[in-house]
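Notes follow once the structure below has been shown.
Every number here is computed from the coordinates shown, using simple stated rules; none is lab data. For clarity, every value in this text was computed on a predicted model and none was experimentally measured. So basically every Cβ, Gly included, is an ideal-geometry build from the backbone, and we count neighbours across all protein chains shown.
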């Protein structure tokens with residue numbers, strides 16, 4: 001699921017919808033020693049769980065919506081992000097919020113940065129095209145549930 005990330009070059013990574021940290025732990029295991037991982041999670045209990053169970057100085061847990069990523073880049077004096085990984089349920093989000101997240105994501109990415117989106121439906125390419133010029137998609141049948149992975153660039 002993380003093979004689209006070049007961890008040797010990824011110094012700044014963000015994760016949207018960290019939940020209980022399944023991906024978070026894998027990202028940190030593969031990330032450079034000098035990397036920074038910003039994890040956005042709106043569920044306060046999940047944030048507390050992440051902070052309690054993952055003791056890693058590279059991890060910054062943020063109890064807020066991903067639409068505010070650029071605010072947190074300034075707060076933490078970070079440049080633009082190399083990779084943003086998202087498992088957010090975009091189909092369940094209000095249109096305006098979805099748009100704010102996408103706009104903020106595009107703004108937060110470095111010029112060669114990638115937004116990688118994990119989805120369980122294949123009907124999101126058209127929406128992504130209004131924000132990104134380069135979009136590729138692959139299907140991971142062996143994942144449970146099977147997953148479509150969208151790789152987007154400016």
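Note on residue 110 and residue 6: the model spin-label points, each 7 Å out from Cα along the C-beta direction, lie 1.0 nm apart. Of the labelled figures (i) -1.17, -1.25, -1.29; (ii) -1.12, -1.36, -1.46; (iii) -0.86, -1.13, -1.27, only one reflects log10 I(q)/I(0) by the Debye sum over Cα atoms at q = 0.16, 0.18, 0.19 Å⁻¹ as derived from the coordinates, namely (iii).
Computed extension length for residue 134-residue 32: 34.1 nm, one decimal, from 0.36 nm per residue of separation with the Cα-Cα distance subtracted.
Here is the tail figure for the stretch 83-154: Cα pairs spaced more than 15 Å apart come to 51 percent of all pairs.
Distance from the alpha carbon centroid of the stretch 34-110 to that of the stretch 1-21 works out to 11 angstrom. Considering only alpha-carbon pairs that sit under 8 angstrom and 6 or more positions apart, the relative contact order computed for the chain is 20 percent. Among beta bridges identified by DSSP and lying wholly in the chain, the antiparallel ones come to about 40 percent.
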